[in-house]
Amino acid sequence: MTGSPLRQAAYRRPADVAEALRIQEELHPRVDLVGPGPTAPATVAGLDVAYAESGDRLAAAVTVLDAATLAVVDEAVHVGRPAFDYVPGLFAFRELPALLAALERLTVRPDLLVCDGHGLAHPRRFGLACHIGLVTGLPAIGVGKTPLVGVWDEPAPQRGAWTPLRDGGEVVGRVLRTQDGVKPVFVSVGHRMSLDNAVDRVLALTPRYRLPETTRTADHLCRRALADANRQAATPAGNDDPATSA
């Protein structure tokens, strides 16, 4: 990636669940939950991961969009293996190494990361958006399709309506209606962003659909990459697919 180095903090891969929990507890206080973060970013990146049905392969994708036009200006993908077992609340450890590998292949440094997942709205207040924001040093937010924690009231049906997402008496995010009459999304701060700004950025990224364009483009990219990897794995050695061979 051009510009300043991507990594601002070392990523530590845990050996087991106990160490993963210790890492989250240790790093949580270092997260900037105030921001305010960029209010007029030039570029915004979407991060998403797709898994093979077997669960033993994943594709991590990053798409960088022009924040004004929402056109894709850069993209990168990494296909590999999950880096950690599936454990609720520790999902970031499965995906972070692959997402970091994809980020480091970019040629455009994004001003904001939008994760398909959660940030502060996490049992230990340290979801994927917090972790990747802290490691990269970039402002980050989480936009989840479903909640991981918390209780909330249903927001009004109009686009832009929201209600607080609360967990244990603490506001950990907002339940945001991005289109009239559609299901809301769950927005939370990851790193170096305010919650007000996070909501404004999500609305700017959802002019037509429920999910941000960052998430939609990254989802399409990682699914294509995973399908390509699966086809290559299924092709016997020495029998190149005539449709793809040179």
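Of note:
- Of residues in region 136-167 being hydrophobic (A, V, I, L, M, F, W, C) and part of a loop (DSSP other than H, G, I, E, B), the one surrounded by the fewest Cβ atoms within 10 Å (Cβ to Cβ): ALA156
- Region 103-116: number of residues that are open to solvent by less than 20 Å² (accessible area, probe 1.4 Å), under 14 Å from VAL143 (Cα atoms) and either touching a Leu at 6+ places or on another chain (Cβ under 6 Å) or assigned to a loop (DSSP other than H, G, I, E, B) (or both): 2
- In region 190-229, residue nearest to the chain's Cα centre (by Cα) [restricted to those that are farther than 20 Å from ASP111 by Cα and not in a helix (DSSP H, G or I)]: ARG210
- Applying the criterion of being at pLDDT 95 or above and over 12 Å from the mean Cα position of the chain (by Cα) to the residues of region 40-67, the residue that is surrounded by the fewest Cβ atoms within 10 Å (Cβ to Cβ) is ALA40.
- Inter-residue pairs, beta-carbon under 9 Å, first within 13 Å of GLU95 (Cβ to Cβ) and in region 68-80, second in a strand (DSSP E or B) and open to solvent by 60 Å² or more (accessible area, probe 1.4 Å), 6+ apart: none
- Residue, least open to solvent (accessible area, probe 1.4 Å), within region 19-39, restricted to residues that are assigned to a loop (DSSP other than H, G, I, E, B) and aliphatic (A, V, I, L, M): VAL31
- Some residue of region 56-78 being farther than 22 Å from LEU205 by Cβ and polar (S, T, N, Q): no
- Residues (surrounded by 24 or more Cβ atoms within 10 Å (Cβ to Cβ) and either assigned to a loop (DSSP other than H, G, I, E, B) or out of contact with any Gly (no Cβ under 8 Å at 6 or more places or on another chain) (or both)) located in region 117-130: GLY117, HIS118, GLY119, LEU120, ALA121, HIS122, PHE126, GLY127
- Meets criteria (closer than 23 Å to GLY144 by Cα, touching a Leu at 6+ places or on another chain (Cβ under 6 Å) and of a type outside the set (D, E, K, R)) for ALA61: yes
- Yes/no for VAL72 being modelled with pLDDT of 95 or more, touching a helix residue (DSSP H, G or I) at 6+ places or on another chain (Cβ under 8 Å) and open to solvent by 40 Å² or more (accessible area, probe 1.4 Å): yes
- Residue that is surrounded by the fewest Cβ atoms within 10 Å (Cβ to Cβ), among those in region 181-232 that are in contact (Cβ under 8 Å) with a residue 60 or more places away in the chain and of a type in the set (S, T, N, Q): ASN230
- When region 146-170 is filtered for residues that are among the β-branched types (Val, Ile, Thr) and touching a residue at least 24 places away in the same chain (Cβ under 8 Å), the ones remaining, listed by number, are THR146, VAL149.
- Top-ranked residue of region 168-180 - restricted to ones that are at pLDDT 95 or above, of a type outside the set (Val, Ile, Thr) and not in a strand (DSSP E or B), ranked as surrounded by the fewest Cβ atoms within 10 Å (Cβ to Cβ): ASP180
The values are calculated or read from the model by the stated rules, or taken from the named source; none is laboratory data. On a predicted model such as this, the values are computed, not experimentally measured, just so you know. Note that each Cβ is placed from the backbone with ideal geometry, even for glycine, and that neighbours are counted across all protein chains shown. Note: areas computed on protein heavy atoms with side chains; ligands, DNA, RNA excluded. Shrake-Rupley method; radii C 1.70, N 1.55, O 1.52, S 1.80 Å.
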